[in-house]
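Have a look at the structure below before the remarks.
The values are calculated or read from the model by the stated rules, or taken from the named source; none is laboratory data. Please read these numbers as outputs of a predicted model, since none were measured by experiment. All Cβ positions, glycine included, derive from the backbone under ideal geometry; neighbour counts span all protein chains shown. The protein model used for the area step is the full one, side chains on, heavy atoms only, and it has no ligands, DNA or RNA in it. Shrake-Rupley method; radii C 1.70, N 1.55, O 1.52, S 1.80 Å.
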Amino acid sequence: MSYRVKLLMGFIGTANLVIFIGGLSHSISTGFAGFSGGLPFMIIAILVCGMAVYDFWDECVRKK
């Protein structure tokens, strides 16, 4: 795969994941899903999104 295609597809996939997890975390934290106390999930979501962004950087952006 060319560098540009890899970068574009990696960015789109990572952005979709981060947006989905962020929205899920927000809905749980505000009580929309019937849960109260979404702080533990929010911490886990931040860690997972950070790992996804790091993996995108490691696989797609960084030149080896």
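Structure above, values below:
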read-out: Neighbour-limited loop hits for trypsin sites (Lys or Arg not before Pro), the stretch 1-63 (at most 13 other Cβ within 10 Å; DSSP other than H, G, I, E, B); value: 62, 63
read-out: Dipole of the chain, positive end: most advanced residue of 5, 31, 15 [Cβ charges, Cα centre]; value: 5
read-out: Within the chain, chymotrypsin sites (Phe, Trp or Tyr not before Pro) in DSSP loop having at most 12 other beta-carbon neighbours inside 10 Å; value: 32, 35
read-out: Share of carbon and sulfur in the accessible heavy-atom surface of the chain [1.4 Å probe, %]; value: 74
read-out: Point-to-point label distance, residue 16-residue 52, nm (Cα→Cβ direction, 7 Å offset); value: 1.0
read-out: The chain - charge dipole about Cα centre, Lys and Arg +1 at Cβ, Asp and Glu -1, debye rounded to 20; value: 320
read-out: In order through the stretch 42-50: 3J(HN,Hα) via Karplus (6.51 cos²θ - 1.76 cosθ + 1.60), integer Hz, x for Gly, Pro; value: 5, 5, 5, 5, 5, 5, 5, 5, x
read-out: Zone of residue 4's modelled label, taken as backbone nitrogen in the stretch 49-64 under 19 Å from a point 7 Å along Cα→Cβ; value: 60-63
read-out: Total formal charge among the other residues, if their Cβ is under 13 angstrom from that of residue 53, Lys/Arg +1 and Asp/Glu -1; value: -2
read-out: Which of 9, 51, 42 is most accessible, then next, and so on - probe 1.4 Å; value: 51, 9, 42
read-out: For the chain, accessible area per residue (1.4 Å probe, heavy atoms of protein chains only), Å²; value: 76
read-out: Label selected from (i) 4.4; (ii) 4.7; (iii) 5.4, the criterion being mean projected area of the Cα convex hull in nm² as computed here; value: (i)
read-out: Under Karplus coefficients 6.51, -1.76 and 1.60, residue-wise ³J(HN,Hα) of the stretch 16-26 in Hz, glycine/proline x; value: 4, 4, 5, 5, 5, 5, x, x, 4, 5, 5
read-out: Which of 14, 30 is most accessible, then next, and so on - probe 1.4 Å; value: 30, 14
